[in-house]
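Reviewing the structure listed below.
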Amino acid sequence: MATRHLVRSVVVQSLYEWDFYGRKKDLIKILERNLEDYAPGIDEPDFAWRLLKGVIDNIDKIDVVIEKAAPEWPISRIPLVDRNVLRLGLYELLFSDKGEVPSKVAINEAVEVAKNFGGQGSGRFINGVLGTIFRQLPEGQEEEANKLKEPKEEKKEEEEKEKNIDSLKKEKE
């Protein structure tokens, strides 16, 4: 299993556990434990922290997008695995750096995680919701966003990501 795919799986498992317990458990401890148990020695542990922080920082916006894309499925009725796979997939699709994770990769990865952990129709459901949202994005959004970034901006974003990761880790101490 590729490192990033494994990281996404661990992040979804962590979000699932956190959501299952009514968001009362310490999500940082959950991710730490899951990384240690299921992905010891991975090459990119910071990728896991960025994904987790990105989902949590944008969870309310992400949930609104899900409800608009699947109006017959309120968030509370979507199975926990599917709900959290969608959250991760939408974070990568809408909020992450497209140079790091292209939109179609984000969708494909979410579908694969859903097939591994969800129910029989989870992959199709995830693909349908994310595909609907992807088709509603302005054409060429991905390419234009990357063209507009100046090198200074990219460096600033990278420094900001590092600060966010550090602050998330400090919160746990």
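The values are calculated or read from the model by the stated rules, or taken from the named source; none is laboratory data. Treat the numbers as computed from the prediction; the structure is a model and nothing was measured. Every residue, glycine among them, receives a Cβ derived from its backbone with ideal geometry; neighbour counts consider all protein chains shown.
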Taking the range 1-10 and keeping residues modelled with pLDDT of 95 or more and either hydroxyl-bearing (Ser, Thr, Tyr) or not in a helix (DSSP H, G or I) (or both) leaves SER9
Counted residues, the range 20-38 - those being buried (at least 19 other Cβ atoms within 10 Å of the Cβ) and at pLDDT below 95: 0
State which residue is surrounded by the most Cβ atoms within 10 Å (Cβ to Cβ) when the search covers only the range 105-127 and only residues that are assigned to a helix (DSSP H, G or I) and free of Cβ contacts under 8 Å to residues at least 24 places away in the same chain. VAL111
Residue check: is GLN136 surrounded by fewer than 13 Cβ atoms within 10 Å (Cβ to Cβ) and modelled with pLDDT of 95 or more? no
Check GLU100, GLU92 and return the single one that is closer than 27 Å to ILE28 by Cα and either of a type in the set (Gly, Ala, Ser) or in a helix (DSSP H, G or I) (or both). GLU92
Residue satisfying condition, being within 20 Å of ASN116 (Cα to Cα), surrounded by fewer than 19 Cβ atoms within 10 Å (Cβ to Cβ) and not acidic (Asp, Glu), within set LEU90, LEU80, LEU15: LEU80
Six or more apart or on different chains, Cβ atoms under 9 Å: show the pairs whose first residue is in the range 59-75 and over 15 Å from GLU92 (Cβ atoms) and in contact (Cβ under 8 Å) with a residue 60 or more places away in the chain and whose second is charged (D, E, K, R) and surrounded by 15 or more Cβ atoms within 10 Å (Cβ to Cβ). none
With LEU86, LEU80, LEU15, LEU93 as the choices, which residue is of a type in the set (A, V, I, L, M), in contact with a Phe, Trp or Tyr (Cβ under 6 Å, 6 or more places away or on another chain), closer than 26 Å to GLN120 by Cβ and in contact (Cβ under 8 Å) with a residue 12 or more places away in the chain? LEU80
Take the range 11-45 and flag every residue that is part of a loop (DSSP other than H, G, I, E, B) and closer than 19 Å to ILE78 by Cβ. TYR21, GLY22, ARG23
